[in-house]
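Asker: Okay, handing you the structure first.
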Amino acid sequence: MITTTKSTTPKSVTTKDLAWDDFRLIKAIAERRALPAAATSLGLNHSTVFRRLGQIEEALGVKLFERHRSGYVATPAGDEMAQLAERVDSDITAFARKLAGQEIKPAGELRVTTNDTLLVDLLTPVFAAFLTQCPDIRLDILLSNQSLNLSKRDADVAIRATDNPPETLVGRRAARIAWALYGRASEFSDAGDVGIESLWERNWVSLGDQFTMLRAVRYLSQHVAPERIVYKVNTVLGLAEAVEAGIGIGFVPCFIADTKPGLTRLAAPDPGFAADLWLLTHPDLRHSPRVRLFLDFMATELGRMKPLIEGDRAISPRQGSSPRHNTAE
């Protein structure tokens, strides 16, 4: 008797079998130009991507990529397929945004992007209070100093310090972030008598040269000799710590420095160094119940914190914990 065994060899696909995942695969290879990187972005292994690419090319009867030492380079057909995938991806994302904007119950995950400084020194307690009040919402916090693409749902809400928010986003200005000059409290027993002209020869701390878009950084580069700026750091988080450690004096956001008893103001906040604090979202999401609830809550809570954010009070070890105004500091 003759028996037959069913073949386990994968059957070649036809154009009718092409699915959205195939377009995503071609788009990933075109963007990353390497199968391992494309596989990682798709959550697949290298061999699966390699095999599927061969099946897609066989089904279409054309080469989608040329293999070079520098990587995978899309052919005209591959480039066209990748561009189609990009357009479809954008349409799907737009549709998802509109659905999110029509939510009835404020529940689910909310992705919020901000920077490390705002998170650590200002926002975390506010986020905690929001989650206590809205237990059906989950927060996914994305730390980045770069503007994420809210149009592609990289995030639902952005909390940013900027005077020029993107025109493609909508939102509200929550406060104006003040900056002032601070020194180590133990080194300045009477900071009110300090004139800034007497400080140029001291050691200074500053943000790095990549932050020249900030007016405080430009001011230092114009007024302080390079050899006197003895410490640079690429995050605002490190400024207050550097001043507190006695490395030097420097300009620090008031909402950070005024909560540290080891620091004292050497001058009143300079309005020219201030920046707006914005709560931003995509227009399609502004009517989403969870987004609207979150923005309203954040605006209210940050509004209550305006005296701290805008430098209207400072805590000094020489004056205990009572608020004071920055009239002659």
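The values are calculated or read from the model by the stated rules, or taken from the named source; none is laboratory data. Since we're looking at a predicted model, the values are computed, not measured. A quick note on method: Cβ atoms are made from the backbone with ideal geometry, for glycine too, and the neighbour counts reach across all protein chains shown. Heads up: the accessible areas ignore ligands, DNA and RNA and are worked out on the full protein's heavy atoms, side chains in. Shrake-Rupley method; radii C 1.70, N 1.55, O 1.52, S 1.80 Å.
Asker: Surrounded by fewer than 19 Cβ atoms within 10 Å (Cβ to Cβ), under 17 Å from the mean Cα position of the chain (by Cα), of a type in the set (A, V, I, L, M, F, W, C) and modelled with pLDDT under 90, is that true of Leu169?
Answerer: Spelling it out, it is not the case that Leu169 is surrounded by fewer than 19 Cβ atoms within 10 Å (Cβ to Cβ), under 17 Å from the mean Cα position of the chain (by Cα), of a type in the set (A, V, I, L, M, F, W, C) and modelled with pLDDT under 90.
Asker: Mind checking which residues of region 3-38 are modelled with pLDDT of 75 or more and either of a type in the set (Val, Ile, Thr) or part of a loop (DSSP other than H, G, I, E, B) (or both)?
Answerer: Correct list: Leu18, Ala19, Ile26, Ile29, Arg33, Ala34.
Asker: Continuing with this model, one more query. Filtering region 276-296 down to residues that are of a type in the set (A, V, I, L, M, F, W, C) and open to solvent by less than 20 Å² (accessible area, probe 1.4 Å), which residue is farthest from Phe127 (Cα to Cα)?
Answerer: Our first condition is that a residue be of a type in the set (A, V, I, L, M, F, W, C); within region 276-296, this holds for 277-280, 285, 291, 293-295.
Next cut, open to solvent by less than 20 Å² (accessible area, probe 1.4 Å) only: 277, 279-280, 285, 291, 294-295.
On the way: Leu277: 16, Leu279: 14, Leu280: 16, Leu285: 19, Val291: 13, Phe294: 9, Leu295: 11 Å.
Among them, the one singled out is Leu285.
Asker: If I go through region 125-141 residue by residue, how many of them are free of Cβ contacts under 8 Å to residues at least 24 places away in the same chain and β-branched (Val, Ile, Thr)?
Answerer: Looking only at that region, the number is 1.
Asker: Still on this structure, I have one more. Which of the residues that make up region 235-267 are in a loop (DSSP other than H, G, I, E, B) and either in contact with a strand residue (DSSP E or B) (Cβ under 7 Å, 6 or more places away or on another chain) or buried (at least 24 other Cβ atoms within 10 Å of the Cβ) (or both)?
Answerer: Within region 235-267, Val236, Gly246, Ile247, Gly248, Asp258, Gly262, Leu266, Ala267 meet the criteria.
Asker: In region 297-312, what residues are assigned to a loop (DSSP other than H, G, I, E, B) and open to solvent by 20 Å² or more (accessible area, probe 1.4 Å)?
Answerer: Matches in region 297-312: Met305, Glu310, Asp312.
Asker: Something else about it: Looking only at residues in region 219-228 that are of a type outside the set (Gly, Ala, Ser) and under 20 Å from Asp270 (Cα atoms), which one is most open to solvent (accessible area, probe 1.4 Å)?
Answerer: Only one residue tops the list, namely Gln222.
Asker: Continuing with the same structure: Between residues in region 290-306 that are farther than 14 Å from Leu280 by Cα and in contact (Cβ under 8 Å) with a residue 12 or more places away in the chain and residues that are hydroxyl-bearing (Ser, Thr, Tyr) and open to solvent by less than 40 Å² (accessible area, probe 1.4 Å), which pairs lie under 7 Å by C-beta distance while being six or more apart or on different chains?
Answerer: none
Asker: Given the criterion open to solvent by less than 30 Å² (accessible area, probe 1.4 Å), at pLDDT 90 or above, touching a strand residue (DSSP E or B) at 6+ places or on another chain (Cβ under 8 Å) and within 25 Å of Ala268 (Cβ to Cβ), identify the matching residue among Ala216, Ala191, Ala158.
Answerer: Details: Ala191 fails: at pLDDT 90 or above; Ala158 fails: within 25 Å of Ala268 (Cβ to Cβ).
The match here is Ala216.
Asker: Going through region 17-45 one residue at a time, which ones are among the β-branched types (Val, Ile, Thr) and either in contact with a strand residue (DSSP E or B) (Cβ under 7 Å, 6 or more places away or on another chain) or open to solvent by less than 80 Å² (accessible area, probe 1.4 Å) (or both)?
Answerer: Applying the first criterion (among the β-branched types (Val, Ile, Thr)) to region 17-45 yields 26, 29, 40.
Result: Ile26, Ile29.
Rundown of residues vs (1) farther than 24 Å from Ile309 by Cβ; (2) in contact with a Gly (Cβ under 9 Å, 6 or more places away or on another chain), yes/no style:
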| residue | (1), (2) |
| --- | --- |
| Ser198 | yes, no |
| Arg202 | yes, yes |
| Tyr219 | no, yes |
| Glu241 | no, no |
| Gly248 | yes, yes |
| Ile256 | no, no |
| Leu263 | no, yes |
| Pro269 | no, yes |
